[in-house]
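Read the figures in this text as sums done on the coordinates, not as results from a lab. Computed from a prediction, not measured in an experiment: that's the story for all the values here. When we count neighbours, we look across all protein chains shown, and the Cβ atoms used for this are built from the backbone with ideal geometry, even at glycine.
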Amino acid sequence: MENNQFSLANKCYALSGATGALGGSIATYLVQNGAKVVLLGRSPEKLDKKVEELDTIASGKTSAYVVDLLNEEELRDTKYKIASEIGMIDGLVNLAGGNIPGATLKPDQTIHDIEIDDTRKVVDINLFGTVLPTIILSELMVKQKQGSIVNISSMAAKQTISRVLGYSMAKAGIDIFTKWMANELASKHGDKIRVNAIAPGFFIGNQNRRLLTNEDGSYTERGNDIIKNTPMGRFGDASELNGMVHYLLCDASSFVTGGIFDVDGGFSSFSGV
Ligand SMILES: NC(=O)c1ccc[n+]([C@@H]2O[C@H](COP(=O)([O-])OP(=O)(O)OC[C@H]3O[C@@H](n4cnc5c(N)ncnc54)[C@H](O)[C@@H]3O)[C@@H](O)[C@H]2O)c1
């Protein structure tokens, strides 16, 4: 019999932020490859639309739960529902995130102009929006003694990227949280529970479209600066994250935990010179 370590068939993966640009693309890929998906999001309308779309690829493979990822009680309730209605999950991909204008410094502002409340909100969603679902939903994986969790970090975690202080602090937090959870779960709950992160380079999505492109589709100054610092000379396409997500979720990466993997067209390896 074939032993395909890369198979996703009939595995079941939960995804937060699953109606967003990257999450939506990953959900589609997983279903196209035979997996079942559990979509977690705040908007019932967007979830319904995504379930409908995924059902046209493979009927009955998708479930959805309305949940605010920053609400611990709602998350615990969702965990019980998943346990009783679905049974087990083989992994979780944490894709929720976001930025808000007050937490993004305008080019002519200094650090003293930053909106502290908005900065705190951005840290909440980008850091605790991953911390809470990981801690709560990993209880399901601990019970079954297996599962793979994939977090989403950023280029902004490793070095300063101007203007986005809250986002950078949160993503740096994601990196150490990933290592911390990997250590904690493997050492106390066995070698089949793994936690890794992907650090994407720049992909045009809902959060950064206005920062990177003008109304007419041309790049902003910031968009051009990023392209200049990306050896491949282009932005990523959402589909280019699928391979790394696939690898980290499936058994082919069974000895990989606590890692942070760049998918960035060379951005993080380039000095700018
Ligand atoms: N697009 C890029 O270039 C890029 C680069 C690096 C990292 N990332 C990260 O990838 C992830 C996905 O990015 P994207 O471009 O798809 O963003 P997106 O804005 O399209 O999707 C994020 C989703 O998270 C959801 N969300 C936010 N707060 C929530 C909450 N409290 N409860 C439930 N859902 C909530 C939003 O509703 C949205 O659907 C984010 O963590 C982002 O920081 C993106």
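Observations on the structure shown:
- Simple point charges give the picture: +1 on the Cβ of Lys and Arg, -1 on the Cβ of Asp and Glu, and for the chain a dipole about the Cα centre of about 500 debye.
- Counting neighbouring Cβ atoms within 10 Å and putting the fewest first, the residues Glu240, Glu215 line up as Glu215, Glu240.
- Distant-in-sequence amide H partners of Arg42 (H built 1.01 Å from N, under 5 Å): Val67
- Calculated over the chain: convex hull of Cα atoms, volume per residue (Å³): 144
- Taking trypsin sites (Lys or Arg not before Pro) across the range 71-156, the ones in a DSSP loop with at most 12 further Cβ atoms lying within 10 angstrom of their Cβ are Lys145.
- Around Lys228: net Lys/Arg minus Asp/Glu count, Cβ-Cβ under 11 Å: -1
- For Lys36, the residues whose modelled amide H falls within less than 5 Å of its own, excluding neighbours fewer than 5 places apart on the same chain, are Asn10, Lys11, Cys12, Tyr13.
- Share, in percent, of DSSP beta bridges within the chain that are antiparallel, nearest 5: 5
- Count Lys and Arg as plus one, Asp and Glu as minus one, and take only other residues whose Cβ is under 10 Å from that of Gly34; the net charge is then +3.
- Pairs of Cα atoms nearer than 8 Å and 6+ residues apart set the relative contact order; for the chain it is 18 percent.
- Taking amide H positions as modeled 1.01 Å from N, with prolines and chain starts lacking one, the residues under 5 Å from Ala197 and 5 or more places away or on another chain are Asn151, Gly259, Ile260, Phe261.
- Whole-Hz couplings from phi, Karplus 6.51/-1.76/1.60, listed for the range 169-177; x for Gly and Pro: 4, 5, 6, 5, x, 4, 4, 6, 5
- The chain: angle of helix 72-85 to the longest principal axis, Cα-based, in degrees nearest 10: 40
- Between Arg209 and Arg76, residue separation times 0.36 nm minus the direct Cα-Cα distance comes to 44.5 nm.
- For the range 141-187 versus the range 254-273, the gap between their alpha-carbon centres in whole angstrom: 14
- Net charge of neighbours whose Cβ lies under 9 Å from the Cβ of Phe203, counting Lys and Arg as +1 and Asp and Glu as -1: -2
- Cross-linked pairs Lys158/Lys228; Lys61/Lys158; Lys79/Lys179; Lys121/Lys192: Cα-Cα separations exceed 27 Å for Lys61/Lys158; Lys121/Lys192.
- Magnitude of the charge dipole, the range 145-238, Cβ model with Lys/Arg +1 and Asp/Glu -1, debye to 20: 320
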